[in-house]
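**Student:** Before we start, here is the structure in question, set down as structure tokens.
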Amino acid sequence: MTGPTEITSIPPESQSVPAASSGAHVSTISAPAALGAAPGSSDDELSIQFQQLSAAMDARMRLLKQQEEQVKKAEAALCAASRRMASASARMQSDIISLNVGGTSLATSRRTLTLVSDSLLGTMFSGSWDDHLQRDEAGRVFLDYDPSIFSLLLNWLRSQDMGGPEVPLWELAVEPAREEQLLVLIDFLQLQRYVPCKFTESFSPSLSSPFITLSSSSAWRAAGGSQGAYAMAATSHCFFDVDVDLHLEVIRFGAVPRAELVPGGHRSSESDTELPNHPMFVGVMARGQLAALDQRRKKSNASWQSTCYGWWTGRRQGCEVRQGRSKKLQPKHLWAEGDSLILSLDAAKHPSRPTRPDHDGGVGGGGGDYGFGVSVVRLSLTNTRTTTRLEIDILPICLGEYEEQWVVVVGLAGRGDEVRINTARRKGMKPHREVIGGEAVAGMRDSATLGNASTSAATADGVAGGAGSVASRASSPPAAPAGSASRQGNGGGIGAGSRGGADRGGPSGPGEAERSGGGGGRR
């Protein structure tokens, strides 16, 4: 009885001890395995967590960058909107000017008329001359201009003012019969530096050699004169304070015929000796010096003159000409028959470019160390076939006694050689307003201050003295001092001085001599 009693008297807790012990034993057996697996699993988990954190940080940074870009775009849009609102507000607050232009009533804002502050319009409507402007019976300011052409200029000023710097610079265009009227008015209002337009260019009979045959826009070397000596053809327009491009086509050049006429584009020395080797010149010179030259004389070579700049080429050499002196550039020709050349003459006032080591200095030269702030005339020639571009900087001091009126000249030495002007274009530039002292004013080139004193006095004289839009001298302020209509800076008492008028070889009409002083008349 005692055995079973002992067995049945085992408490339940005692029965669970082996289980607990078994469990403890199992746990002690499995613990080393768990401890052995912990380092690897922890590293994996940390690596995964790090990757997740890195991905989250990258995503966050990308989001922040996107938000930053959006903020910048919003700021730019807000600034642009603010500028537009300020411009619109200024336009709304600007005085309304009623005009009588050649009998046609127009109205615009003072802001539009003064967009180019140093122009004749900018001076007339600056507010300082309101009491001296000629008015009709209705009190409108009277301007004796062609209303249709003036409306084109007025709309151009409006678009440039409203559109701001992002609006493209568009060209003014009229029918060919009225191109000269457009140029004259642009020059007269001193807007030639800004308004781009195409125009028809031709060669002047009075300025060209008698050994040149002119036909429309072509110049052909005729018989007469010394064989091999240049006969010069000069453009009808002369240029001052304006940036122009002329596209020239070499119709015939005996020294360098078309490459396709020669197998492989090369000639043997034997065939070279059979061809004439008379050079051709392309460049510019002062109109006054060319006009004073007697080109009927056999030894009167215009390319030797002190204001002559450009390039000439023969069969086996290309040379640069500065002040009538030649410098060899390369042992081969610069252009050939059939080539198209773009001659660019930037006679607007610029600070000079830095010295270029490949150019010589000297008075009137290009690339010399004549310092910043010196106004230079920039001349370049581009061959569209070879894409070669040549450049010369000219100091106006080389003009000496001659006025700054440049003409494009072509020198033909070989009989039968021919050059044609295909197109001509004024490049123009965008007028802009600069904020000075919290006030928006019309901006210009940095060098526009050149000659401002003489320009202001000269323009004032133009406003007070005529231009078909002002009161009589009896009610005008004192005239500008003598000589204030200087051709330096923006000079010109009535017009801008870009010398845009055409030379047709005849005398000026009544009153045209005064207009030519401003650069808009015929010579």
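The values are calculated or read from the model by the stated rules, or taken from the named source; none is laboratory data. Note that the structure is predicted; figures quoted are calculated from it, not measured. Positions of Cβ are backbone-derived with ideal geometry, glycine not excepted, and every protein chain shown enters the neighbour counts. When the accessible area is computed, the model is the full protein with side chains, heavy atoms only, and any ligands, DNA or RNA have been set aside. Shrake-Rupley method; radii C 1.70, N 1.55, O 1.52, S 1.80 Å.
**Student:** Take the residues in segment 117-170 that are of a type in the set (Asp, Glu) and open to solvent by 60 Å² or more (accessible area, probe 1.4 Å); name whichever of them is nearest to Asp95 (Cα to Cα).
**Tutor:** The residue in question is Asp131.
**Student:** Provide a single number: the residues in segment 213-251 that are in a strand (DSSP E or B) and either at pLDDT 95 or above or in contact with a strand residue (DSSP E or B) (Cβ under 8 Å, 6 or more places away or on another chain) (or both).
**Tutor:** Here is the first cut: in segment 213-251, the ones in a strand (DSSP E or B) are 213-215, 218-221, 231-235, 239, 243-251.
Narrowing further to those that are either at pLDDT 95 or above or in contact with a strand residue (DSSP E or B) (Cβ under 8 Å, 6 or more places away or on another chain) (or both): 213-214, 218-221, 231-235, 239, 243-251.
Counting residues in segment 213-251 that are in a strand (DSSP E or B) and either at pLDDT 95 or above or in contact with a strand residue (DSSP E or B) (Cβ under 8 Å, 6 or more places away or on another chain) (or both) gives 21.
**Student:** Of the conditions (1) modelled with pLDDT of 95 or more; (2) under 29 Å from Val242 (Cβ atoms), Arg140 clears all except one; give me its number.
**Tutor:** Looking at each condition in turn, Arg140 falls short on (2).
**Student:** Out of the residues in segment 75-89 meeting the condition of being modelled with pLDDT of 70 or more and of a type outside the set (D, E, K, R), tell me which one is most open to solvent (accessible area, probe 1.4 Å).
**Tutor:** Leu78
**Student:** Another question, if that's okay. Ser54: at pLDDT below 80, of a type in the set (S, T, N, Q) and outside any strand (DSSP E or B), yes or no?
**Tutor:** Spelling it out, it is not the case that Ser54 is at pLDDT below 80, of a type in the set (S, T, N, Q) and outside any strand (DSSP E or B).
**Student:** Shifting gears a bit: Here are some conditions: (1) within 26 Å of Arg426 (Cα to Cα); (2) in a loop (DSSP other than H, G, I, E, B); (3) among the small types (Gly, Ala, Ser). Ser128 meets all but one. Which one does it not meet?
**Tutor:** (1)
Here is a yes/no grid of residues against (1) among the small types (Gly, Ala, Ser); (2) in contact with an Asp or Glu (Cβ under 7 Å, 6 or more places away or on another chain); (3) at pLDDT below 90; (4) within 30 Å of Asp187 (Cα to Cα):
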residue: Ala20; (1), (2), (3), (4): yes, no, yes, no
residue: His25; (1), (2), (3), (4): no, no, yes, no
residue: Arg91; (1), (2), (3), (4): no, no, yes, yes
residue: His132; (1), (2), (3), (4): no, no, no, yes
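**Student:** Please list, ordered by first then second residue, the pairs with beta carbon atoms under 6 Å, 6 or more apart or interchain, first in segment 96-114 and under 17 Å from Asp136 (Cβ atoms), second part of a strand (DSSP E or B) and of a type in the set (S, T, N, Q).
**Tutor:** If the second residue must be part of a strand (DSSP E or B) and of a type in the set (S, T, N, Q), the pairs left are Ile97/Thr108; Ala107/Ser98.
Residues are listed down the side, and each one gets a yes or a no for (1) part of a helix (DSSP H, G or I); (2) at pLDDT 80 or above; (3) surrounded by 10 or more Cβ atoms within 10 Å (Cβ to Cβ):
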site	(1), (2), (3)
Ala33	yes, no, no
Ser41	yes, no, yes
Asp44	yes, yes, yes
Gln49	yes, yes, yes
Arg60	yes, yes, yes
Lys73	yes, yes, yes
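**Student:** Within segment 386-432, which residues are polar (S, T, N, Q) and either surrounded by 22 or more Cβ atoms within 10 Å (Cβ to Cβ) or touching a strand residue (DSSP E or B) at 6+ places or on another chain (Cβ under 9 Å) (or both)?
**Tutor:** Within segment 386-432, Thr388, Gln405, Asn422, Thr423 meet the criteria.
**Student:** For residues in segment 182-221 being of a type in the set (Lys, Arg) and open to solvent by less than 20 Å² (accessible area, probe 1.4 Å), which is farthest from Gly254 (Cα to Cα)?
**Tutor:** Among those residues, the one meeting the criterion is Arg193.
**Student:** Now, a different point. Can you say whether Ala173 is within 30 Å of Ala413 (Cβ to Cβ), of a type outside the set (Phe, Trp, Tyr) and either in contact with a Cys (Cβ under 9 Å, 6 or more places away or on another chain) or open to solvent by 20 Å² or more (accessible area, probe 1.4 Å) (or both), as far as the supplied structure shows?
**Tutor:** No, not satisfied.
**Student:** When residues of segment 280-319 are filtered for being open to solvent by less than 10 Å² (accessible area, probe 1.4 Å), in a strand (DSSP E or B) and closer than 19 Å to Trp406 by Cα, how many remain?
**Tutor:** Total meeting the criteria: 9.
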